[in-house]
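Just below is one structure, and these are the notes that go with it.
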Protein chains: 2
Amino acid sequence: MNNFKFQNKTAIQFGKDVIDNALHDAVAQFGQNVLFVYGGGSIKKSGLYDRVMSKLAGLTVVELSDIAPNPKIASVRAGQDLVKAHDIDVILAVGGGSVIDAAKVIASSKFYDADPWDLVLDSGKRYQLDQLPVVDILTLSATGTEMNVGSVISNPETHQKLGTGGPQSPAVSFLDPTLTYTVSKWQTAAGAIDIFSHLTEQYFDRSANDVTSGMMAGLYRAVIKNAPIALADPDNYDARAALMWASTMSLNGLVNVGNINGWTVHPIEHELSAYYDITHGVGLGILTPRWMQYSLSAETLPRFAQFGREVWDLTGTDEVVAQGAIQATFDWIKALDVPTTLPGVGIVDKTHFEVMAESAVKVGRLAQAAYVPMQAADVVAILSAAMTDDDFIQ
Amino acid sequence: MNNFKFQNKTAIQFGKDVIDNALHDAVAQFGQNVLFVYGGGSIKKSGLYDRVMSKLAGLTVVELSDIAPNPKIASVRAGQDLVKAHDIDVILAVGGGSVIDAAKVIASSKFYDADPWDLVLDSGKRYQLDQLPVVDILTLSATGTEMNVGSVISNPETHQKLGTGGPQSPAVSFLDPTLTYTVSKWQTAAGAIDIFSHLTEQYFDRSANDVTSGMMAGLYRAVIKNAPIALADPDNYDARAALMWASTMSLNGLVNVGNINGWTVHPIEHELSAYYDITHGVGLGILTPRWMQYSLSAETLPRFAQFGREVWDLTGTDEVVAQGAIQATFDWIKALDVPTTLPGVGIVDKTHFEVMAESAVKVGRLAQAAYVPMQAADVVAILSAAMTDDDFIQ
């Protein structure tokens with residue numbers, strides 16, 4: 001096991017109706033001036049907007065709405081103007097990963113006097129800044145942003161979708177599974193695949209150890225089991241709760257301690273989202289089985305076999321178990337009723353494959369840092385394999 | 001899943017030689033006056049004492065040594081005198097669970113003006129007090145105290161061994177697996193059994209959920225695999241590291257979120273330790289298989305079967321898997337080369353069984369809170385079953 005540091009100070013309030021008693025104090029402890037960040041109209045339709053506002057009585061609330069999926073730097077810039085103009089003390093982010101990601105960069109931007117896109121291009125800059133406390137109410141189980149320092153921000157002008165980190169994870173995260181009852185089947189499936197992918201990016205690492213491998217195997221099994229339940233029965237509390245807590249546990253820094261490799265599938269998917277604005281989790285679901293198939297080799301076989309045994313409960317030779325696990329991964333994603341090919345999400349030709357591949361290799365440092373190092377040609381091969389389901393459906 | 005709150009601010013520094021670069025600043029950030037708490041002469045023999053003192057150069061260091069296993073309230077009282085007399089700013093605890101447990105109560109006792117045994121009898125009192133920051137260097141993988149708020153303190157005069165909690169977990173914990181290379185086979189085995197028991201106390205809960213069950217299953221497997229490796233090859237870094245990180249992860253509040261039941265085997269073992277001063281982990285190893293055997297019923301069968309499948313990788317009917325898992329637990333403990341009966345640790349008659357059972361039921365609230373509720377007669381039956389190995393070795 002490699003040396004590592006770990007600390008995560010986020011306070012979690014988990015469960016049904018936890019905002020009712022605890023939200024006011026969680027926000028007000030940090031000051032009077034609140035920037036309330038949210039997405040479209042869904043929290044107004046659901047009544048969550050009114051419920052939140054009633055808890056903010058007595059505080060000065062400024063609103064920033066219309067944060068889009070794959071949140072855009074324009075929203076962060078708008079937020080920067082507001083936190084400076086209104087001397088904001090605390091940000092309250094209500095929504096999914098996009099809203100919270102944007103809020104976390106806005107939180108740093110108060111202390112930066114130039115374009116916050118700089119803070120995305122160079123996360124080292126964010127670590128040198130102070131950061132407003134962020135309180136969030138999560139409405140989608142997926143990204144894990146509710147308990148980590150990361151954000152992913154898109155810049156449509158430059159076709160870039162980039163990750164950045166900051167000094168602090170959210171101060172307080174409210175995780176109420178009932179707020180995800182209204183999440184569509186599409187977004188529920190995409191969120192579950194996102195969690196699955198976070199685990200995969202961390203599980204396949206050359207410095208994996210027994211403790212984190214075992215914890216991840218348990219998280220995998222919880223997601224694999226509960227995603228179909230939540231799709232079939234959207235109001236199933238325990239299934240929604242399992243997905244929500246698994247999303248948090250899978251990306252709060254606990255399960256990758258000591259890891260040495262960077263991620264592979266996310267950087268490739270970020271290119272797809274940047275060029276085609278597809279749903280992140282669906283893109284991951286298309287790419288992941290192809291990445292697995294492409295990465296399986298004599299060298300990686302033992303790890304894929306371990307994956308098959310402890311995650312998918314398969315038995316047999318290493319070769320049989322590894323192949324079975326990759327097929328099982330595809331079958332699980334397919335059963336979530338999302339497209340499993342690039343044409344299925346409207347990417348019908350290979351026009352941008354080369355330029356996307358080159359960018360993914362560069363941004364993701366895939367040639368140096370990936371579990372299986374990759375050049376642009378390897379990424380093009382993975383993208384090409386995703387044009388059909390032929391490898392998985394005979 | 002039940003509602004829960006979770007927050008744990010402990011900063012972890014994990015790995016070989018992490019104290020060399022980081023210890024000074026970790027301590028000095030809190031002030032000039034340090035109380036250095038440790039046990040017997042082992043850290044002097046190993047050179048750790050000198051290594052630590054060299055990192056404390058420039059700080060004012062007061063020492064409190066001779067903290068015994070099953071730490072006694074007399075040590076806490078001595079520590080209280082020192083933190084008040086020397087206006088201590090920070091406590092550095094170097095040792096195993098006993099040393100760190102004592103340090104955590106001493107940390108509260110600075111702000112209490114009467115006998116600190118009060119803080120053990122009523123942990124509510126500790127939560128109302130301030131607490132000095134505790135920095136620790138762990139030398140034994142077992143109790144998990146390095147990342148939680150709990151302590152267990154013994155009072156030989158009253159035959160009491162009681163748990164207490166405080167407001168803060170350690171501020172910084174240094175976990176260097178190489179510092180456990182010199183831990184004896186006896187203490188290594190006892191520590192591994194302690195971790196196994198912490199998982200068991202939390203795994204068998206009527207509000208268990210998929211996420212924490214899966215994470216615990218992974219931690220169980222890491223301990224089951226690595227304890228025999230560490231016994232056979234004491235300098236095996238990865239095995240020592242797995243035990244160390246598993247001990248921390250198993251009792252830092254993460255794997256029992258939403259649980260409703262209290263613990264059972266620990267309160268019973270605390271009676272044994274209080275009356276006979278036996279090694280805590282060895283006592284747990286003697287009691288655990290008997291507790292399992294006694295608790296298996298039609299009602300609990302599904303959970304024991306799940307335990308058999310996801311922890312011990314057993315297959316078959318629920319009944320076969322559950323019985324197999326209990327036997328496997330016994331066999332694993334036996335293979336660690338520790339006594340598996342009460343006479344094996346010198347408890348040769350049933351003199352105190354009744355009074356210990358009554359105290360365990362009262363202190364542990366076993367009739368109200370246990371996974372399988374127990375009266376004194378049930379505890380006596382478990383203790384009696386532990387007089388021989390007949391149930392497990394034919």
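Each reported figure results from applying straightforward, stated rules to the coordinates on display, with no laboratory input. Please read all numbers here as calculations on a predicted model, not as lab measurements. Cβ placement follows ideal geometry from the backbone for every residue including glycine, while neighbour counts extend to all protein chains displayed.
Miscellaneous remarks
- Taking chain A and dividing mean pair separation by its residue count, relative contact order in percent (alpha carbons under 8 Å, at least six apart): 15 percent
- Taking amide H atoms as placed 1.01 Å from N in the peptide plane, the amide H of A:Asn256 has no partner under 5 Å among residues 5 or more positions away or on other chains.
- Legend: mean number of C-beta atoms from other chains within 10 angstrom of residue C-beta atoms, peptide B:13-26, equals 2.
- Among beta bridges from DSSP that stay inside chain B, the antiparallel ones total about 20%.
- The range B:271-321: GluC sites (Glu not before Pro) falling in loop per DSSP and having at most 10 other Cβ within 10 Å: B:Glu299
- Ranked by the mean number of other Cβ atoms within 10 Å per residue, highest first, peptides B:9-20, B:284-295 order as B:284-295, B:9-20.
- Amide hydrogen neighbours beyond the local backbone of A:Val37, cut-off 5 Å, H modeled: A:Leu64, A:Leu92, A:Ala93, A:Val94
- Angle in degrees between helix B:318-335 and the longest Cα principal axis of chain B, rounded to the nearest 10: 50 degrees
- Amide H within-cut-off set for B:Ser207, under 5 Å, with H built and near neighbours excluded: B:Ile260, B:Asn261
- Rounded to the nearest angstrom and listed largest first, the equivalent-ellipsoid semi-axes of the range B:1-80 from its Cα gyration tensor are 25, 20, 15.
- Remark: mean inter-chain Cβ contacts per residue of B:247-256 equal 2, using a 10 Å Cβ-Cβ cutoff to other protein chain atoms.
- Set of aspartates and glutamates with alpha-carbon distance to A:Lys104 below 12 Å, sequence-local pairs under 8 removed: A:Asp130, A:Asp136, A:Glu146
- Remark: A:His198, B:His159 ranked as B:His159, A:His198, counting other beta-carbon atoms within 10 Å and listing the fewest first.
- In the structure shown, the pairs B:Lys5/B:Lys110; B:Lys44/B:Lys125; A:Lys45/A:Lys72; B:Lys45/B:Lys125; A:Lys185/A:Lys350 are assessed against 32 Å; a Cα-Cα span above that value is assigned to B:Lys44/B:Lys125; B:Lys45/B:Lys125.
- Debye log10 I(q)/I(0) for chain A, one point scatterer per Cα, at q = 0.07, 0.10, 0.11, 0.13 Å⁻¹: -0.30, -0.63, -0.76, -1.08
- Computed on the Cα atoms alone, the convex hull of the range A:185-385 gives a volume of 107 cubic angstrom per residue.
- Hull shadow area, averaged, the range B:11-180 [alpha-carbon convex hull, nm²]: 8.6 nm²
- Helix B:210-232 and the long axis of chain B differ in direction by around 80°, with both axes built from C-alpha atoms.
- Footprinting exposure proxy for A:Arg77, A:Arg221 (fewest neighbouring C-beta atoms within 10 Å first): A:Arg77, A:Arg221
- Efficiency of FRET from Cβ geometry, A:Asp87 and A:Ala57, R₀ 25 Å, rounded to 0.05: 0.80
- The peptide list B:180-190, A:247-257, A:347-357, put in order of mean Cβ contacts within 10 Å with the highest first, becomes A:247-257, B:180-190, A:347-357.
- Dipole size of the range B:281-321 about its Cα centre, with +1 on Lys/Arg Cβ and -1 on Asp/Glu Cβ: approximately 160 debye, rounded to the nearest 20.
- Computed from Cα positions, the angle between helix B:185-203 and the longest principal axis of chain B comes to roughly 70 degrees.
- 5 Å binning of all Cα-Cα separations within the range A:85-169, expressed as whole percents from 0 upward: 3, 16, 27, 25, 19, 9, 1
- As a proxy for reagent exposure, A:Thr212, B:Thr341, B:Thr264, B:Thr388 were ordered by neighbouring Cβ count within 10 angstrom, fewest first; the result is B:Thr388, B:Thr341, A:Thr212, B:Thr264.
- All alpha carbon pair distances within the protein assembly as shown were sorted into 10 Å bins beginning at 0; the resulting P(r) in whole percents reads 3, 13, 22, 25, 20, 12, 4, 1, 0.
- Evaluated on the range A:340-394, the Kirkwood hydrodynamic radius is 11.9 Å, with distances taken between all distinct Cα atoms.
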